[in-house]
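Novice: Structure provided below as C-alpha cells; questions to follow.
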Amino acid sequence: MSESILITRNVPIRYTVDVCVTGAGPGGIAAAVVAARQGAKVLLLDAHTMPGGMSTAGRVPVLMPCSDGVNFLPDGFGREVIERFTAVSNAYGFDNSGIFLNAEQLKRIYEDLLTGAGVELLYYSRLAAVNVENGTIRQTVYASQSGLFAVAAKVFIDGTGDGTVAAWAGAPFEMTPLDEIMPATLCSLWAGFDWQAYRAGGAFSHNDDKMPELLAAAFKDGSLSTEDHHHTGIFRNSNLAAGGNITHAFGVDGTDERSLTRGLVEGRRLLREYENFYRKNIPGFSDAEIVDSGSLLGVRESRRITGDYTLNNEDFKSRRDFADEIGRYNFPADIHPPRPTRAQVEEHKKLFRSTACGHGESYGIPYRIMLPCNVSNLLTCGRCVSTDRYVHASLRVIPGCWITGQAAGMAAAMAADSERTPREINVQQLRANLRKIGAFFH
C-alpha cells in the first residue's frame, strides 16, 4: 500500500461564473462560444497553451467529412469554423475525404471566436480537484502558474476528452481494457518533400497496394522495429508542410500520466524510424524531415462517461431518430487495431466499410448522452459522451465534438439562465434554440 499525505489549505474562489468549461478542445470551444453568445458568463480553462486540443496541439492533420452527401451535419458552429478556415486556407486544404488542417490557422480562428463571443479564456490551468456536495458540483479547482484557485459556477461542462471532471465528480464510466484499447498516435509535421512526386507515386497508405509491401520489407530488415501494418499516411496542409498521422503506441491509458509519458517517448522513437523509412522508400521524400511532433499525444479512446442514455451500435445501424435529438453524424466506426498485426488491419477495414453510411444517411444524437449519471449540474461533450465503443469510434472525431459541444453550450446557458439543472430544461426549447443557430437534426 502506497503512503499518502493529507494537505489542507484554503483555496481562493477566483471566478464565479454562469458556465465553467474545462478543456479547450473542439467540443469545449463550441460549448463556450455558444453559451457566451446566449448571454452566459463563461470561463474556459485548459491545461495546455492553445485552443483545439488534438486538432492543434496534437497536430491531427485532417478533419473527417462533415457531410452525408446532402446535409452539412455539424452545422451552426462547425460551419462557422470551416467558413473561416476556407477563407484563409489554400487549395491544398481539401479533397473528397475531408479537410486538411493547418494547426496555426485553426488556433487563430478558435481564439477569434472565443474572444469575439466574450469568453474568458485561461491556459496553464490544469484541473486539480472537483468539489461535490450531494451530487452537485460546487467548485472545480485548478493548478496554475500562480497556485491553486477555484471556480464556482451554476453549470459545468466537461470538455476534457477523458471525462476527467465527470469521473472526479463521481459519475460512472466505462473504459476498454488496455489490451483492446485503440492505440495512440504521435502526429508529426513534415517539410522538405516534393508533393507532386509523392502523389504521382501512389497513395501510400494501408489502403493501397504499395505501402503494405514496403512496410513488410522494413519489418523484415529491422528498419521499422514495430510490425504495425496500419499506416494511415501523410496529408498536405500548406504549401510547405504536411501532417503525418502515422505510428501507433499500443496499450496507452489516457488517464494515467505514466502511460502517456511512455506513449510520447515511444512515439518520438518511432518517428525517427519512419523519417528514415520515408526518405529511403517514398517518392518525393528523399530530402524530407520531421520538423515537429505533437505536444499532445493523440489519444483516441479513454473514459466513456455513463449518461442517462448510452448511444449504441443498434442505434447507429438503424440510423435511429430521437425525440431529444440535438444533432446527427455519419462517420464509420473507426476502431484502430489494438494490436500490430496484418489480420487486425484487415478486420479494421472490414468494420470501417461495413459501418459506412449511405448517401443522405446519418444517426441521431440524443441530448441524454451528455447528462452524466449521479451529477446534477454537469454536461459532457466531445469524446467522453455516453456511447458504446462502436459509436464512440464514430463520434470521437472533430465534427462530432463540435455537434455535442454546441448542444452542451446551449443547454448550459439555458440552465444557468433559468436556475435549473441541465436535466430540468425544456428539451424541445433546446432543440428550437439549436435550430436558430443552424444545428442540423431531424
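Novice: Taking the convex hull of the alpha carbon atoms in the stretch 291-417, what volume per residue do you get, in Å³? Display every interim value, and only then the final one.
Specialist: On the way: hull volume 18.9 nm³, N = 127.
Looking at the stretch 291-417, the number lands at 149 Å³ per residue.
Novice: For the Cα atoms of the chain, what angle does the longest principal axis make with the long axis of helix 77-88, in degrees from 0 to 90, nearest 10?
Specialist: Roughly 50 degrees between the two axes.
Novice: Right, another one. Taking the alpha-carbon centroid of each part, what is the distance from the stretch 342-389 to the stretch 210-225 in angstrom?
Specialist: After rounding, the separation between the Cα centres reads 33 Å.
Novice: Once the Cβ-Cβ distance between Ser318 and Glu257 is put in as r, and R0 is 51 Å, what FRET efficiency do you end up with, to the nearest 0.05?
Specialist: After rounding to 0.05, the efficiency reads 0.80.
Novice: Next question, about the same structure. Check Ile13: other-chain or 5+ apart residues with amide H under 5 Å from its amide H, H built from backbone geometry?
Specialist: Under 5 Å from the amide H of Ile13 lie the amide H atoms of Ala150, each far enough along the sequence or on another chain.
Novice: Between Gly307 and residues 5 or more places away or on another chain, which pairs have amide H atoms under 5 Å apart, with H built 1.01 Å from N, and which residues are they?
Specialist: The answer is Cys373, Ser386.
Novice: List, in order, the whole-Hz ³J(HN,Hα) value for each residue of the stretch 159-176 obtained from phi through the Karplus relation with A = 6.51, B = -1.76, C = 1.60 and θ = phi - 60°; use x for Gly and Pro.
Specialist: So the Karplus estimates, Gly and Pro as x, are x, 6, x, 9, x, 5, 4, 4, 5, 5, 7, x, 6, x, 7, 10, 9, 5 Hz.
Novice: Alpha carbon centre of the stretch 154-168 versus the stretch 254-313: separation in Å?
Specialist: Using only Cα atoms to place each centre, the spacing works out to 24 Å.
Novice: Could you list the residues of the stretch 283-300 with an amide nitrogen less than 19 Å from a label point located 7 Å from the Cα of Arg268 in the Cα-to-C-beta direction?
Specialist: So the set is 289-299.
Novice: Once phi is turned into θ = phi - 60°, what whole-Hz ³J(HN,Hα) does the Karplus curve with 6.51, -1.76 and 1.60 give for every residue of the stretch 362-374, x standing for Gly and Pro?
Specialist: After applying 6.51 cos²θ - 1.76 cosθ + 1.60, I find 6, 10, x, 10, x, 4, 4, 6, 9, 10, x, 5, 6 Hz.
Novice: Whole-Hz Karplus ³J(HN,Hα) for the stretch 284-289, in order, using 6.51 cos²θ - 1.76 cosθ + 1.60 and θ = phi - 60°, x for Gly and Pro?
Specialist: Here the 3J(HN,Hα) series is x, 10, 5, 10, 6, 8 Hz.
Novice: Take the cross-link list Lys220/Lys349; Lys220/Lys350; Lys107/Lys280; Lys220/Lys317; Lys107/Lys317 and give me the ones stretching past 29 Å between alpha-carbons.
Specialist: Listed pairs above 29 Å: Lys107/Lys280; Lys220/Lys317; Lys107/Lys317.
Novice: Percent antiparallel among DSSP beta bridges with both residues in the chain, to the nearest 5?
Specialist: The antiparallel proportion sits near 65 percent.
Novice: What is the angle, in °, between the Cα long axis of helix 342-354 and the longest principal axis of the Cα atoms in the chain? Nearest 10 is fine, range 0 to 90.
Specialist: For 342-354 against the chain, the angle is about 60 degrees.
Novice: From the P(r) of the chain, could you give the percentage of C-alpha pairs in the tail past 31 Å?
Specialist: Counting every Cα pair in the chain, those more than 31 Å apart make up 39 percent.
Novice: Taking amide H positions as placed 1.01 Å from N in the peptide plane, with prolines and chain starts having none, which residues 5 or more places from Ile137, or on another chain, fall under 5 Å of its amide H?
Specialist: Ser376, Asn377
Novice: Can I ask one more? Calculate the FRET efficiency for Lys280 and Lys349 from the Cβ-Cβ distance with a Förster distance of 35 Å, rounded to the nearest 0.05.
Specialist: According to the calculation, E is roughly 0.85.
Novice: Would you calculate the separation in nanometres between label points at Lys210 and Glu104, each defined as 7 Å from the Cα along the Cα-to-beta-carbon direction?
Specialist: Calculated label separation equals 2.9 nm.
Novice: Can I ask one more? For the chain, take the longest principal axis of its alpha carbons; what is the angle in degrees between that and the long axis of helix 427-436, to the nearest 10 within 0 to 90?
Specialist: Orientation of helix 427-436: about 60 degrees from the principal axis.
Novice: Based only on the alpha carbon positions, what is the Kirkwood hydrodynamic radius of the stretch 188-293, in angstrom?
Specialist: 14.4
Novice: Per DSSP H run of at least 4 residues, take -39500 (n - 2.57); add these up for the chain, divide by its residues and hand me the 222 nm value, nearest 500 deg cm²/dmol.
Specialist: Value at 222 nm, helices only: -10000 deg cm²/dmol.
Novice: Return, ordered by residue number, the residues of the stretch 370-396 whose backbone nitrogen is under 20 Å from a label point located 7 Å along Cα→Cβ of Val11.
Specialist: The answer is 375-380.
Novice: For the chain, modelled as a Gaussian network with Cα springs under 10 Å, which listed residue fluctuates most, Asp417, Asp209, Asp75?
Specialist: Maximum among the listed residues: Asp209.
Novice: Note the full-extension length gain between Ser223 and Glu120 as 0.36 nm times their separation in residues minus their Cα-Cα distance, in nm to one decimal.
Specialist: Stretched fully, the Ser223-Glu120 segment lengthens by 32.2 nm.
Since every read-out is calculated from the coordinates, none of them should be taken as a lab result. Not measured: the values here are computed from a predicted model. Because the Cβ atoms are built from the backbone with ideal geometry, glycine has one as well, and the counts that use them run over all protein chains shown.
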